[in-house]
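Below: the structure, in structure tokens.
Laboratory data are not the source of any read-out in this text; all were calculated from the coordinates shown. It should be emphasised that the depicted structure is a prediction, and the values quoted were computed from it without experimental measurement. Here the Cβ positions follow ideal geometry from the backbone for every residue, glycine too, while neighbour counts run over all protein chains shown.
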Amino acid sequence: MNDPRARIIETAGKCLYCGFCEALCPTRPLGPHRGYGPRGRVNIAYMLAKGDVEASNHVVESLYSCLLCRACELKCPIALPIAEIIRNARGLVAEPGLKASRTHSINRVQVFARRT
Amino acid sequence: MGKAKVIDDPAIAILYTREPSGIRGSHVKAVVFPEEEKDVSLILKTAYKYNVPIYPQGSSTSLSGNSVPLEPGIVVSMERMNRVLEINIVDNYVVVEPGVRMEDLNAELAKYRYMFPVDPASSSVATIGGAINNGAGGLRGAKYGTMRDWLLAVRLGIADEEGSILNLGCYTVKCRSGYDLARLIVGSEGTLGIVTRAVLRITPLPEDTVYALSFFDSLEDLMEAFIEIRRSRLNPFMLEFMDSATVDYASKSLDLPYEPKGNLFLVGIETSPESNQRILDTLTSLLESHGAHTIITAHGDKEAHDKKLFAVRKNLFTGQARYTLEKEGSSGRIMVMIEDIVVPPSKVPEAVTLIRGLGEKYGFTVFIGGHIGDGNLHPAVGFNAEDEEERKRVEQWFHEVMEIALKLGGSISAEHGIGLLKKQGLRMELEYKNSLKALQLMKEIKKAFDPKGLLNPGKVL
């Protein structure tokens, strides 16, 4: 399946919401809310792909705070390809027409990522 | 409180309306993140003034719909109040904020060779506040009990004009200051107040441990071995069980140094270096004499991990989830409903037989595992959450499993709580015990703590 949006819906929609992934995530304890952990990001990606939420600054910060280290994938009971989901979701928010405020959010998160 | 402690973006707020049971709550106006006790007080005071429903949350790993919001209000996430404030070895207690993860607490305590023994399967992410409010237990329940055995005191915020913070309980094991309001908070599921600080008992790590993982062809033989161990003075802290069909699914895709075939029985006993071998010999001999065809033993936690003694048991949820995923294919959203009954340990053999029969009646593949040392069983069924008919059938199965527990002198919930999923079950249990009046007493208690009914409304009662 090549369509990233469809691929996110197919994979991220399976998340059981167990939260076990959060135990290994290096950014989760440093971030201000659940969106800074894999469980939050996967579900944000799913809602974004379905068109249920907009690419708000919080959404962009959530997706770009991921280090793509894949530690979370070791803990996922159904072996979701979490890093792939995040990469595809970043593609959705970076589609043409990216607003300046979103660029600002990405820059903010890059600062956060360097600190971690 | 400041803008940084409040998020009203729906994309983030919705992350606080779900839990692993698959139960989904309604949208909330905002998620509020207190960082200190005075924030909690302010939230409660303001909510009281403006009649705003409050849904306190830990890490949302509960399994009975315990903390999902049901009506427009606010989620109060305790995740930022996550400091270990005091470790007192001489007086054997710790003081922690509610957002501390259970494994993080144990990592701190391990530096002193101490532990907090309550260990739910979700302890890597479950928080102390959530564990108190859910009355959590875990694998060590056979020896160490549940949260109610380890909570000494709490500071509790209540919804009143001032957002009062109450000190309930004592820092000492012995404490007789009127009614035991501290332990009333255990299992109250956020319906009475918000825990801002907890004082917990701690205990030394065992000097040594031994483990035996065994497999039995006959379920009856395994159960006899279990009963024999209960009769002995071995006093295991861990007695875990999985039936043979469950072992088959849960061991798929695992690379193990033994053949996982038959019904699984895992025993853990605390020992000393002097008693290790003697106790292990006694245990092995007991298992052999009851027909175990495979026995793998280990001295200490490291060897047990190296030999993968816990691998199959730990893979129970994963096995169930992957089996359901394979069965349902790529369409739809899967859900795993995990039951949580408890029966007197002597009744476990009968309970397992009845649950197996019930699964056959419904045509479900029921995964049966549990902490049988304290009589706690977790039969589970996976299904397509978008199939409404199937969901209703699973709920009916759930109900009948609870009936089995009551008929055998047990209870409908051991450690997952009531939440939304077991409200009918609670009523059924109290009716069964001819004590429906207790439900009224509980409602009066709720009203005394929370007269406007703002705290986690719609749950438990």
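Some observations on this one:
- Cut-off under 5 Å, modelled amide H: who pairs with residue B:208 long-range: B:271
- Label point 7 Å beyond Cα of residue B:103 along Cβ direction - residues of the range A:28-64 with amide nitrogen under 19 Å: A:28-31, A:34-42
- Each label point was placed 7 Å from the Cα along the Cα-to-Cβ direction; for residue B:431 and residue B:110 their separation is 4.8 nm.
- For the range B:219-280, GluC sites (Glu not before Pro) meeting the loop criterion (DSSP other than H, G, I, E, B) and having at most 13 other Cβ atoms within 10 Å: B:274.
- Directionally averaged shadow of the range B:318-447, computed from the convex hull of its alpha-carbon atoms, nm²: 8.8
- Convex hull volume of the protein assembly as shown per residue (C-alpha atoms, cubic angstrom): 154
- Magnitude of the charge dipole for the range B:1-141, about its Cα centre and with charges confined to Cβ atoms of Lys, Arg (+1) and Asp, Glu (-1), is about 220 debye.
- Under 27 Å from residue B:437, Cα to Cα: lysines that are on another chain or at least 8 residues apart: B:407, B:422, B:423, B:446, B:447, B:452, B:459
- Ranked list, fewest to most other Cβ atoms within 10 Å of each Cβ, for A:44, B:202, B:87: B:87, B:202, A:44
- Mean separation of Cα contacts under 8 Å (6+ apart) over length of the range B:84-204, as relative contact order %: 32
- Positive-end ranking of B:438, B:289, B:335 along the dipole of chain B, with charges on Cβ about the Cα centre, is headed by B:438.
- Inter-probe distance in nm under a simple model that places probes 7 Å from Cα toward Cβ, at residue B:285 and residue B:361: 4.3
- Fraction of the pair-distance distribution of chain B above 27 Å, Cα-Cα pairs, percent: 56
- Neighbour-count ranking [beta-carbon atoms within 10 angstrom, fewest first] of B:337, B:147: B:337, B:147
- Computed lengthening from residue B:217 to residue B:326, 0.36 nm per intervening residue step minus Cα-Cα distance: 36.6 nm
- Farthest toward positive dipole pole in the protein assembly as shown [+1 Lys/Arg, -1 Asp/Glu at C-beta], among B:246, B:406, A:65: A:65
- Considering helices alone, the calculated mean residue ellipticity of chain B at 222 nm is -10000 deg cm²/dmol, with DSSP H runs of length four and up weighted by -39500 (n - 2.57) and normalised per residue.
- FRET efficiency estimate (nearest 0.05) - Cβ-Cβ, residue B:389 to residue B:89, R0 45 angstrom: 0.20
- Computed about its Cα centre, the charge dipole of the protein assembly as shown is approximately 1620 debye, with only Lys, Arg, Asp and Glu carrying charge at their Cβ.
- Computed extension gain for residue B:423 through residue B:306, at 0.36 nm per residue and net of the alpha carbon distance, reaches 37.9 nm.
- Rounded to the nearest 20 debye, dipole of chain B from Cβ charges on Lys, Arg, Asp, Glu: 1240
- Exposure proxy shown here: for B:55, B:179, the number of other Cβ atoms within 10 Å sets the order, fewest to most, as B:179, B:55.
- Anisotropy class of the range B:208-314 from Cα gyration tensor, a/c 1.5 cut: oblate
- C-alpha center-to-center spacing [the range B:178-212, the range B:305-354] in angstrom: 26
- Applying the criteria of a DSSP loop state and at most 10 other Cβ atoms within 10 Å to the trypsin sites (Lys or Arg not before Pro) of the range B:230-286 yields B:233.
- Structural descriptor for the range B:208-314: relative contact order 48 percent, calculated from alpha carbon pairs under 8 angstrom and at least 6 residues apart.
- Averaged over the residues of B:70-81, the number of partner chain Cβ atoms lying within 10 Å of the residue Cβ comes to 1.
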